[in-house]
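The values are calculated or read from the model by the stated rules, or taken from the named source; none is laboratory data. On a predicted model such as this, the values are computed, not experimentally measured, just so you know. A quick note on method: Cβ atoms are made from the backbone with ideal geometry, for glycine too, and the neighbour counts reach across all protein chains shown.
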Amino acid sequence: MATGKGDSGGKIARIGRDAVRVGTGKTWSEWLRILDRAGASKMDHQEIARYLAKKYQGIGMWWHQMVTVGYEQARGLRERHQRPDGYEISSSRTLGAPASTLFKAWKDPKARLRWLPGEPIDINKATPNRSIRLAWGDGTTRLEVMLYPKGRDRCQMVVQHGRLKDAATARRMKTFWKQRLDQLQEILES
């Protein structure tokens, strides 16, 4: 990962040197120079992305966002996991169970209690065996659970936890979800 001092030898925004060069025609060092010259250190995220969209239309909106986030991280304007509405982390695991079992592990209160005890949730939307959106705890943070079947008896579960208040909370919840998924895996695969 690049540092805030402009080191672009590693990855910025988790996009490697080769990928950014292939995707945009420029290296991270070139993007950092271009955006520094444009005064991006004094712009907010949307202004940087708009600048890139206007000047570099050919690379596409996805790259405008990736270059913007990479610049913000390299220049210390954005922390890891930071988003406009707080912090967001994700955790994933491929488990030896079908999507229907994982869906039930969330939807059924008794099943959920075995691996996620005492955590208040409010399910806002659920698409059977595919996804669940819910409010967490006091409702100020949000979870999105996505299920990706990997054959008949395996499924990847991705838990995204957003609107977290700060980096310390994001780190704590990253650890929390790793432990909870470990527990679920132990229950399902034992």
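Is there any pair linking a residue in the stretch 95-121 that is more than 15 Å from L147 (Cβ to Cβ) to one that is in a strand (DSSP E or B) and small (G, A, S), with Cβ under 8 Å and at least six apart or on different chains, and which?
I121/A135
Looking only at the stretch 1-53, filter to residues that are of a type in the set (D, E, K, R), part of a helix (DSSP H, G or I) and at pLDDT 90 or above; which one of those is farthest from R80 (Cα to Cα)?
Per the criteria, the residue is R37.
Please find, within the stretch 73-125, the residue that is surrounded by the most Cβ atoms within 10 Å (Cβ to Cβ) out of those that are touching a Lys or Arg at 6+ places or on another chain (Cβ under 7 Å) and of a type in the set (S, T, Y).
That would be S91.
Restrict the check to the stretch 159-179 and report whether at least one residue is surrounded by 15 or more Cβ atoms within 10 Å (Cβ to Cβ), more than 30 Å from S29 (Cβ to Cβ) and more than 21 Å from the chain's Cα centre (by Cα).
Taking every residue of the stretch 159-179 in turn, none turns out to be surrounded by 15 or more Cβ atoms within 10 Å (Cβ to Cβ), more than 30 Å from S29 (Cβ to Cβ) and more than 21 Å from the chain's Cα centre (by Cα).
Within the stretch 122-145, which residues are within 19 Å of D85 (Cβ to Cβ) and either hydrophobic (A, V, I, L, M, F, W, C) or in contact with an Asp or Glu (Cβ under 6 Å, 6 or more places away or on another chain) (or both)?
Step one: filter the stretch 122-145 for residues within 19 Å of D85 (Cβ to Cβ), giving 122, 124-125, 133-145.
Matches in the stretch 122-145: R133, L134, A135, W136, L143, V145.
Go through the stretch 54-71 and count every residue that is in a helix (DSSP H, G or I) and more than 13 Å from I15 (Cα to Cα).
Narrowing the stretch 54-71 to residues in a helix (DSSP H, G or I): 54-55, 57-59, 61-71.
From what's left, more than 13 Å from I15 (Cα to Cα): 54-55, 57-59, 61.
Of the residues in that region, 6 qualify.
Those residues that are of a type in the set (V, I, T), closer than 17 Å to T27 by Cα and within 20 Å of the chain's Cα centre (by Cα), I need them from the stretch 46-89; list them, please.
Those that are of a type in the set (V, I, T), closer than 17 Å to T27 by Cα and within 20 Å of the chain's Cα centre (by Cα): V67, T68, V69.
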